[in-house]
Structure formats: structure tokens, C-alpha cells
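Sharing a structure with you now.
The values are calculated or read from the model by the stated rules, or taken from the named source; none is laboratory data. Please read these numbers as outputs of a predicted model, since none were measured by experiment. Note that each Cβ is placed from the backbone with ideal geometry, even for glycine, and that neighbours are counted across all protein chains shown. Just the protein is used for accessible areas: all its heavy atoms, side chains included, with ligands, DNA and RNA removed. Shrake-Rupley method; radii C 1.70, N 1.55, O 1.52, S 1.80 Å.
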Amino acid sequence: MGIQTGRRVGVAFVGMGGAVATTAIAGIETIKSGSNRLDGLPLAGVPVPGMADYKDLVFGGWDLNGDDLASAATGHGVLTAQDIDNGAQALKGITPWPAVGSAKFCKNIDGANRIVARDHREAVSVIANDLNRFRKESNLDDVVVVNLASTERWPDLSAATLNSADAFEKGLDSSDESISPAMLYAYAAIKSGVPYANFTPSVAADVPALMELARELNVPVAGKDGKTGQTMMKTVLAPALKARSLHVDGWFSTNILGNRDGLALNDKDSLQSKLNTKGTVLDSILGYPVEDHLVHIHYYRPRGDDKEAWDNIDVTGFMGQRMQIKVNFLCKDSILAAPLVIEIARVLDLAKTRGDGGVQEQLSTFFKAPMVKNGHGPEHDFGKQQRMLFDWLGVH
């Protein structure tokens, strides 16, 4: 289970009523109720001094949907009412805090449980007050924020507001439209000294302005876009193909999913944000451009959270002989994502206790588009990423 620290760590989810957050909370509540099923938790068997135990995690967060978490969870179809009753009854008494929303950044997701704020500054103040209240009311030693909200459209990264901390401050004062809800949460967390992780493809703490702020205030940040299914398989397979000198001529990937994430991605602007993160890994690992690397994502409502990822890989081997590899991954999206979110929160909290602020590259293994500290390209090779994490943790 890990080394007991006795420290109560709060995890505040942006998008608390979503499928990933409710699954993560249900899993931890089940562990608290006595379950010893730690399948899927990558660091469950890794004792690290100072790392919070699963049983010491406490949850809160924001969502545009104000339903209690048990209702939200069963509505997503990942967990049944019986799953909730078998150890996760606490979800019935938890409701999300009002959230920041913007139809300009995410067209297909809306709700009535909204923060009422005149401008960006007031919205940030509400978020920061929520974090402070959460810490006090739940008697927490520390808090971590994890963004699990629906994917936002890609912002104009050239906007001056996003490229320096001073300009960002002025942008908050003027409610600059280049600042997204994800950035407001990231800013509020960083200014509050709270570690922040972005598990979505949305642009958030990875803009230069907020990376600068996190570095100056020595607050740990990480992201972005959780690497759970298809891209995880790519970062495992591509290094093996490179090691065997099998040239990748093309890689065709398609996905179907019907959950709220899929609905958000049914908007072309949000979809492009996702494609921007999914399409970057192969060239980096292989060392050459795969010209025919095609990625398609389709919203298909009947599947719900039961995602299907299908890949066709065309390779050339010895004497120019061509071959094919086919991978069909039928998975539960949130079941893969939820344990990663939990581990990210634990590692970020550990980084804060160690005084290690700024971008946390050791968490690259959990992300499709890992943030980096010094402008170099991110490491995508799954094996190398794992080594980075375990070296940082001090596990050999």
C-alpha cells in the first residue's frame, strides 16, 4: 500500500463529476473500506518515504453538473449502483462545487452549477477560496489540483497575455479572452502554492506565463493529456520496432468512444486539441517522420465509456519485405485513467514536500504531451519514462 505518512492530502478535481474523477474517488473509497484490490495502480507496490498513502487522500472539486457523485458515477456507466454500495457509499454525500465554464472554449459541455463571477479576477478568487476552505474544513496537510475537465479548444498561443507572467496578470485584470477556464484553475492553484496537474489535452499550466509563475513560486506542475490506451501502446511498441530496425511506413489509428469526453471531442475545435497531443509521439521515438501517421477519433454514443482503439501499422523489414501489425484495444477509458490520476496527485504532493517546484518531468510516463523544464523535446519512450520516474522516486 505504501509507507504510511499520516498526512492528509486533498485532491481537488476540476471536472469532479466526470467519469474519471468519480471512478478514481470510488476506487479510493473502496480501498478505505477494506478492499485490498490495488490492480491498475502503478505505484501500489512501490514504497516511497514521504508519499501519501491511498487511505490518506481526501477528495473535493468543481463541476458544471451539480449532481451528487454517486448519481454522476452511475450515469457515466463505468460503475454500477452495486459497485457504489460495495465500499464507495461516501459518493452519495459528495456534491461538486460550482465551476467555471465557457462555451467559447468548450461548446458541447455545459451545466447550471456555475461560478457567478464578474470577471477573471473574481473567478480566480472564488477558486482560491474554494481551495482554502477545502484545506480547512477537511483538516488537510496539503492539497493538489488535477484538471479532468472536458477538452477545450486550442487558444492562440502567440497571444502576448500567455507568454509572460506580468502580461498574464494584466490579462486577468482585463478578462482577456485568450485566457481559458483551464488556465484560471492553473493560475489559482499556483498562486495558492498548490501543485497542479493537467490530465486533459487543454492548454493550461504549459503556457510560458504559468510555467514562469510556477518556477518563481516553486510550485510543482505537470501535464498534459493522460496517456492511457492507444498512445500508451504506441510508446511501448515504437521503441521495440526501432530496436529491431523495422521501418514504420504508416500508422493508422482510430478510436470510438461515447462518454462525456467523446461528446466534448465531437466539437471540431476541442477535437483538434486532442489530435495535437496524440500525434506527436512517433517521430520523436523513431527518429524519423512517419508521413502516414493518421489519427481519428469518433464520438459513438452507444459505447459509453467502453472505448475501442484500433491500429494498423505498416512496417518494412529485411530485404525490403513489407509486413503489418494490427492492435485492437477494447478498454474502459476511465478504468485506465483513474489510477494514473491518483498516482500523479501522490507524486506531485511528494514533489512539494521535497521542495521540488516547477515542471515535474519525471511524470512524463503518464502524459501524451509531457511538459519539460528547459525547452528540450519531451521523452516519449515508455521504458525511458518509467526509468525517469523511478530514479526520481529513489527506487532501484
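Past 27 Å, Cα to Cα: identify those pairs from 92/352; 32/368; 234/332; 234/352; 352/373, in the order given.
92/352; 32/368; 234/352
Shifting gears a bit: 222 nm [θ] for the chain, helices only, -39500 (n - 2.57) per DSSP H run of 4+, per residue, to 500?
Value at 222 nm, helices only, nearest 500: -11000 deg cm²/dmol.
Compare 310, 62 by solvent-accessible area with a 1.4 Å probe and give them largest first, with all protein chains kept in place.
If we order 310, 62 from most to least accessible, we get 310, 62.
Who wins for biggest fluctuation among 300, 196, 288 in a Gaussian network model of the chain, springs between alpha carbons below 10 Å?
288
Please report the spacing between the Cα centers of the range 146-197 and the range 288-315 in Å, no decimals.
About 30 Å separates the Cα centre of the range 146-197 from the one of the range 288-315.
Which residue fluctuates the most in the chain, going by a Gaussian network model with Cα springs under 10 Å, if the choices are 240, 222, 309?
Looking only at 240, 222, 309, the biggest GNM fluctuation is shown by 240.
Another question, if that's okay. For a 23 Å ceiling on Cα separation, which of these pairs sit above it: 136/170; 242/326; 242/384; 55/136?
Cα-Cα > 23 Å for 136/170; rest within.
From zero outward in steps of 10 Å, how is the percent of C-alpha pairs of the range 93-196 spread across the bins?
14, 45, 34, 7, 0
Pairs of Cα atoms under 8 Å, at least six residues apart: use those to get the relative contact order of the chain, whole percent.
19
Over the chain, what percent of the accessible surface lies on carbon and sulfur atoms, probe 1.4 Å?
51
What number in nm² do you get for the chain if you take the convex hull of its Cα atoms and divide its surface by four?
Averaged projected area of the chain's Cα convex hull equals 18.5 nm².
Excluding ligands, DNA and RNA, what is the solvent-accessible area per residue of the chain at a probe of 1.4 Å, expressed in Å²?
41
Go ahead and set up a Gaussian network model of the chain, Cα springs under 10 Å, then flag whichever of 368, 55, 170 fluctuates most.
Of the options given, 170 has the highest mean-square fluctuation.
Tell me, which longest segment in the chain has none of the GluC sites (Glu not before Pro) that fall in DSSP loops with at most 16 further Cβ atoms within 10 Å? Intermediate values should be presented prior to the final figure.
On the way: sites that count: 177, 291.
The segment 1-176 is the longest one with no such site.
Rounded to whole Å, give me the distance from the Cα center of the range 328-389 to that of the range 11-48.
Measuring centre to centre over Cα atoms gives 16 Å.
Could you order peptides 346-358, 317-329, 138-150, 381-393 by the average number of other Cβ atoms within 10 Å of their residues, highest first?
Values: 346-358: 19.6, 317-329: 10.3, 138-150: 22.8, 381-393: 16.8.
Top to bottom by mean Cβ count within 10 Å: 138-150, 346-358, 381-393, 317-329.
First select every other residue whose beta carbon is under 10 angstrom from the beta carbon of residue 52; then total the charges, Lys and Arg +1, Asp and Glu -1.
Summing Lys and Arg as +1 and Asp and Glu as -1 gives -1.
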